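A.B. asks: Take a look at the following structure, please.
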Amino acid sequence: MTEFKPQNRIVVGDDIQHLLINNLENKKTAYLKNNPITIARERLKIALYFFIVFFVIFSVRNTFISVFPGDVISEPQHSLALSVKKPLPDIYDRTGKNLLVTTFKTTRAAVVKRSSFNEFDIHKAADQLSPYLNEDPQELLERLSSGKYVEIANDISEKQQYDILNSGVAEVEFHKVWRRVYPSKTLAAHILGYSNRDFDQKSSSGFERWLYKNQIKNDQINLTINLNAQNHLENILESAIEEYDAEASFGVILNANNGEIIALASLPNFDPNTVNQYSQSKTANQRFNRALQGSYELGSVMKIFTLAMALEEEKINLSDEFDVWKCMNKGRKKCLSDYRKSKVQFLNAAQCLINSSNICMAQISHLVGLETQKRFLSETGLLDEQFIELYEMGKPSLPERWNELTMEQISFGQGLGVVPLSFVSAVAAIVNGGYLIEPTLYLRDKNYKTNAKLISSEVSNSMRFVMREVVKNGSGKKADVDGYNVIGKTGTADKPCLTGGYCGRMTSFVGAFPGNNPEYIILVSLDNPKGEKGIRGSSAYWNAAPVAGEIIKLVAPQLNIPIQNSFNAFQEHVRADIQ
């Protein structure tokens with residue numbers, strides 16, 4: 001009997017879905033593929049996938065913003081890199097005292113104008129914010145109207161931030177940025193220089209610009225500066241400007257044997273913390289580094305080189321005599337004169353320096369000769385731009401024509417403008433045994449030694465003796481300090497005017513201490529100091545010399561210079577040679 005097998009049949013009136021369900025395991029019909037319900041479900045799955053991805057991205061972004069608030073998110077692009085890592089190293093003096101630190105703090109505030117920020121809101125914000133920014137509301141309004149992202153403060157305090165937060169202006173954002181902080185303010189400002197807010201070397205100066213330009217990566221740097229000595233130098237120079245009614249002043253203290261700069265000052269000075277708040281033209285006089293950028297005719301201090309080169313070239317001995325009443329009028333309308341005419345007609349070479357005779361030095365220059373003078377001064381570094389770790393180093397002012405008249409003028413300190421720091425390092429070679437040195441702000445190795453010679457040790461000894469006599473019995477008396485046997489030379493020079501001729505005076509004292517074995521060179525200069533009728537004159541004897549003595553008296557103990565009771569034995573040998 002044949003087994004009956006039921007077959008699927010489509011019967012009129014059966015539900016179409018019954019058939020689809022029965023055949024679902026075997027095949028997918030074209031009808032199912034185009035079913036609107038299935039398509040909707042597939043689309044829903046895709047939408048759910050994109051929603052999950054978006055939610056994850058949003059969560060990560062929100063977490064990032066919570067951990068790293070708006071200091072990076074809303075910063076202008078040029079500041080972004082500066083907010084990532086420390087841009088420049090901290091600076092310390094030679095003893096470890098802090099000169100400059102880099103901090104990462106909230107100091108920048110900006111108004112970000114949203115799409116809903118209308119004209120009324122801008123006026124309201126200007127009125128509400130101006131009291132906390134110490135700015136005129138109208139000026140602030142103009143700035144707020146200039147763009148969508150307007151920086152309103154670049155160096156705000158914590159109190160200002162608090163007040164602004166409570167001002168009711170919701171559009172203000174605060175950003176953390178790197179800031180260079182100068183704890184000592186104006187102290188050593190011309191050495192350190194300053195950085196603008198974005199560390200752009202085009203608007204920075206001093207050692208700061210050197211660091212940026214050379215991409216120095218050290219975490220910290222110790223300079224050669226002694227902060228205590230620097231403080232004494234600046235304070236005394238500042239007092240001298242007031243006491244002598246001078247227009248400006250500068251000073252340098254240099255290690256005589258290795259060129260390390262112990263202190264360097266130029267007054268008036270500036271505060272690196274606030275210098276960016278003012279226009280470049282307004283602070284130009286304060287920012288100008290007279291000890292490095294200036295080029296000056298320093299007067300009779302240059303006679304040191306005239307005497308030294310003549311001794312080194314064996315053109316004279318210290319006992320040789322010169323007629324200081326002689327009329328030297330070649331190329332002049334009248335005879336060359338001395339500041340104070342000698343009571344005696346003949347002076348020996350040592351006395352020529354002690355009495356600061358122009359007539360004598362002019363005669364010595366003829367014995368040396370023009371070419372030898374140029375060569376010797378070139379070897380000292382006075383005729384060239386010197387290297388130092390600062391971009392402000394100036395250039396000497398050389399004579400247009402170097403003839404016999406020029407040669408005479410240079411021999412007693414006119415006609416050649418020298419850069420003060422170069423001058424100090426050149427004087428070091430005269431008194432340190434004859435060794436040439438290069439000034440530096442980097443600490444040198446304890447075993448540092450230079451082999452470049454300018455003059456012999458014998459000539460150096462003779463120069464120290466004569467320079468000691470200048471301080472003991474000549475124009476440098478007021479620079480002497482008991483126990484340090486100060487040696488040196490004064491200089492009083494007429495200042496060249498921009499329109500030609502001379503106007504005003506520049507007074508200087510250059511010296512070394514202790515005199516029997518010099519360790520440090522000092523230069524002090526005052527720009528146009530005034531005398532006081534019946535009390536004092538205006539020459540270096542009355543101002544630069546006593547200022548230098550006061551500095552040495554305070555600085556020498558800071559530099560651990562022991563008291564010296566007597567000059568070296570060579571003093572008597574040199575005295576015997578002169579006699």
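The values are calculated or read from the model by the stated rules, or taken from the named source; none is laboratory data. Just so it is clear, the structure is predicted and the values come from calculations on it, not from any experiment. A quick note on method: Cβ atoms are made from the backbone with ideal geometry, for glycine too, and the neighbour counts reach across all protein chains shown.
To keep it simple, each residue is scored yes or no on (1) within 30 Å of LEU211 (Cα to Cα); (2) modelled with pLDDT of 95 or more; (3) in a strand (DSSP E or B).
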residue	(1), (2), (3)
MET361	no, yes, no
GLY394	yes, no, no
GLU400	no, no, no
MET407	no, yes, no
ILE410	no, yes, no
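A.B. asks: Now a separate question. Could you go through the stretch 364-376 and let me know if any residue there is crowded, with 19+ Cβ neighbours inside 10 Å and under 37 Å from the mean Cα position of the chain (by Cα).
C.D. replies: Yes, there is a match, as at least one residue in the stretch 364-376 is crowded, with 19+ Cβ neighbours inside 10 Å and under 37 Å from the mean Cα position of the chain (by Cα).
A.B. asks: For the stretch 370-391, state whether one or more residues are in contact with an Asp or Glu (Cβ under 9 Å, 6 or more places away or on another chain), free of Cβ contacts under 8 Å to residues at least 40 places away in the same chain, in a helix (DSSP H, G or I) and more than 25 Å from ALA291 (Cα to Cα).
C.D. replies: yes
A.B. asks: Can you confirm whether ILE354 is touching a helix residue (DSSP H, G or I) at 6+ places or on another chain (Cβ under 8 Å) and in contact (Cβ under 8 Å) with a residue 24 or more places away in the chain?
C.D. replies: Here the answer is yes, as ILE354 does meet what is asked.
A.B. asks: Quick one: what pairs do we get from the stretch 446-460, first residue under 22 Å from GLU314 (Cβ atoms), second of a type in the set (Val, Ile, Thr) and surrounded by 13 or more Cβ atoms within 10 Å (Cβ to Cβ), C-beta under 9 Å, 6+ apart or different chains?
C.D. replies: ALA452/ILE437; LEU454/THR380; LEU454/ILE430; ILE455/ILE430; VAL459/ILE430; SER460/ILE430; SER460/VAL431
A.B. asks: Of the residues GLY511, GLY483, only one is touching a residue at least 40 places away in the same chain (Cβ under 8 Å) and in a loop (DSSP other than H, G, I, E, B); which?
C.D. replies: Selected residue: GLY483, the only one of GLY511, GLY483 that is touching a residue at least 40 places away in the same chain (Cβ under 8 Å) and in a loop (DSSP other than H, G, I, E, B).
A.B. asks: Moving on to the next point. Among LEU311, LEU292, which is the only one that is out of contact with any Lys or Arg (no Cβ under 7 Å at 6 or more places or on another chain), in the same structural domain as THR490 (by TED's automatic domain parsing), of a type outside the set (Gly, Ala, Ser) and in contact (Cβ under 8 Å) with a residue 60 or more places away in the chain?
C.D. replies: LEU311
A.B. asks: Condition test on SER365, is it of a type outside the set (D, E, K, R), outside any loop (DSSP other than H, G, I, E, B) and more than 30 Å from LEU100 (Cα to Cα)?
C.D. replies: It is true that SER365 is of a type outside the set (D, E, K, R), outside any loop (DSSP other than H, G, I, E, B) and more than 30 Å from LEU100 (Cα to Cα).
A.B. asks: Please list, ordered by first then second residue, the pairs with beta carbon atoms under 9 Å, 6 or more apart or interchain, first in the stretch 210-225 and within 28 Å of GLN558 (Cα to Cα) and among the acidic types (Asp, Glu), second modelled with pLDDT of 80 or more and not in a helix (DSSP H, G or I).
C.D. replies: ASP219/PRO89; ASP219/ASP90
A.B. asks: Say whether the condition of being at pLDDT 95 or above and touching a Lys or Arg at 6+ places or on another chain (Cβ under 6 Å) is met by at least one residue in the stretch 522-533.
C.D. replies: yes
A.B. asks: For TYR132, work out the one condition from (1) in contact with a helix residue (DSSP H, G or I) (Cβ under 7 Å, 6 or more places away or on another chain); (2) surrounded by fewer than 16 Cβ atoms within 10 Å (Cβ to Cβ) it doesn't fulfil.
C.D. replies: (2)
A.B. asks: From the set of residues in the stretch 246-304 that are of a type in the set (Ser, Thr, Tyr) and outside any loop (DSSP other than H, G, I, E, B), which is farthest from TRP178 (Cα to Cα)?
C.D. replies: Looking at residues that are of a type in the set (Ser, Thr, Tyr) and outside any loop (DSSP other than H, G, I, E, B), I get SER300.
A.B. asks: I'd like the full set of residues that are modelled with pLDDT of 80 or more and among the polar types (S, T, N, Q), limited to the stretch 163-199.
C.D. replies: ASN166, SER167, SER184, THR186, SER195, listed by residue number.
A.B. asks: Taking the stretch 342-358 as the search range and keeping residues that are among the hydrophobic types (A, V, I, L, M, F, W, C) and not in a helix (DSSP H, G or I), which one is surrounded by the fewest Cβ atoms within 10 Å (Cβ to Cβ)?
C.D. replies: If we take residues in the stretch 342-358 being among the hydrophobic types (A, V, I, L, M, F, W, C) and not in a helix (DSSP H, G or I), then VAL344 is surrounded by the fewest Cβ atoms within 10 Å (Cβ to Cβ).
A.B. asks: Out of the helices (runs of 4 or more DSSP H) lying entirely within the stretch 148-239, which hold 3 or more residues that are surrounded by fewer than 21 Cβ atoms within 10 Å (Cβ to Cβ) and either more than 26 Å from the chain's Cα centre (by Cα) or of a type outside the set (Asp, Glu) (or both)?
C.D. replies: 158-165, 206-213
A.B. asks: Out of the stretch 518-555, which residues are within 17 Å of ALA479 (Cβ to Cβ), of a type in the set (A, V, I, L, M, F, W, C) and out of contact with any strand residue (DSSP E or B) (no Cβ under 6 Å at 6 or more places or on another chain)?
C.D. replies: Within the stretch 518-555, ILE551, LEU554, VAL555 meet the criteria.
A.B. asks: Outside any strand (DSSP E or B), farther than 18 Å from ILE354 by Cβ and in contact with a strand residue (DSSP E or B) (Cβ under 7 Å, 6 or more places away or on another chain): is that true of SER425 in this structure?
C.D. replies: So SER425 passes the test.
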